[in-house]
Amino acid sequence: MSTPKTTKTYSQKPTEVTRRWILIDATDAPLGRVSTQIAKYLIGKYKTTYTPHIDGGDYVVVINAKDTVVTGDKETGKVYYRHSGFPGGIKDATLKEVREKFPERIIENAVKGMLPKNKLAPERMKRLKIYAGPEHNHAAQTPEKVEVK
C-alpha cells in the first residue's frame, strides 16, 4: 500500500519578501481596532506566505491619529508612564495630555504592545509611519487605503 503524498510546509525566505504600503485613516475609529489592524499588517500575518521567524510585513501609514476614539473614561483614566533612567525619573501623563502634545504616541504605544516581543519588533516599528493630521509624506509610494471595521 502506498502512502499518500503530503504537501510540504512553505517557509518564506528573506529574499522572497514583498512589501506593500497600507494607508489607514484613524478618524472616528476605536483605538484598539485601529491598533490590531496595524499590527496585523506590520507582522504580515494576513499573507499566505506568513512565516513566524521572517519579517514579511508591510509599511503602514496612519493619518488623523489625533482623532482616534476611546470608550469609557480612558481619556482621563488611562495613564502613560515613561522613565528617564535616573532615580525618581518616572513621569506620567493621561491620554488627554498625550493627545494634546504627541497624538502619534497613543497609536505607537498601542501597536508596540500588540507586536510579539522578539528581535523582529524594532524593525516592524520602523515601518510604521504615524501622522497627527490628514497630510503624509508618502504619496509617492501610492499606499492602498484600508478601512477599519
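The charge dipole of the range 44-149, taken about the Cα centre with unit charges on the Cβ atoms of Lys, Arg (+1) and Asp, Glu (-1), comes to about 340 debye, rounded to the nearest 20.
Straight-line cross-link partners of Lys45 among the aspartates and glutamates, defined as a Cα under 12 Å from its Cα and at least 8 positions apart when in the same chain: Asp55, Asp58. For the chain, the longest principal axis of the alpha carbon atoms and the long axis of helix 103-114 meet at an angle near 40°. Indicate the gyration tensor shape class of the range 50-119 (rounded, prolate or oblate), computed on the Cα atoms with a ≥ b ≥ c the square roots of the eigenvalues: a/c under 1.5 is rounded; otherwise a/b larger than b/c is prolate and the rest oblate. It is oblate, given that a/c is not under 1.5 and a/b is not larger than b/c.
Between Met114 and Arg19, what FRET efficiency follows from the Cβ-Cβ distance if R0 is 22 Å, with the result rounded to 0.05? Mind showing how you got there, number by number?
On the way: r = 19 Å, r/R0 = 0.88.
Computed FRET efficiency for Met114 and Arg19 comes out at 0.70.
Of interest is the spacing of the C-alpha centroids, which for the range 1-53 and the range 78-149 amounts to 21 Å. Grouping the Cα pair distances of the range 92-146 into 5 Å bins from zero gives a pair-distance distribution of 4, 14, 22, 21, 20, 15, 4, 1 percent in increasing distance order. Taking the C-alpha atoms only, the angle from helix 31-43 to the longest principal axis of the chain is near 40 degrees.
Largest mean-square fluctuation among Pro87, Pro14, Pro30, in a Gaussian network model of the chain whose springs join Cα atoms under 10 Å apart, belongs to Pro87. Pairwise Cα distances in the chain exceed 19 Å in 59 percent of cases.
Of all beta bridges DSSP finds with both residues in the chain, what is the antiparallel percent, to the nearest 5?
30 percent
Which stretch or stretches of the range 24-60 have amide N atoms under 18 Å from the point lying 7 Å from Tyr10's Cα along the Cα→Cβ direction? Once the point is set 7 Å along Cα→Cβ of Tyr10, 41, 43-58 turn out to lie under 18 Å by backbone N, inside the range 24-60.
Read the figures in this text as sums done on the coordinates, not as results from a lab. Predicted, not measured: the structure shown is a model, and the values here were computed from it. Virtual Cβ from ideal backbone geometry, glycine too; neighbours counted across all protein chains shown.
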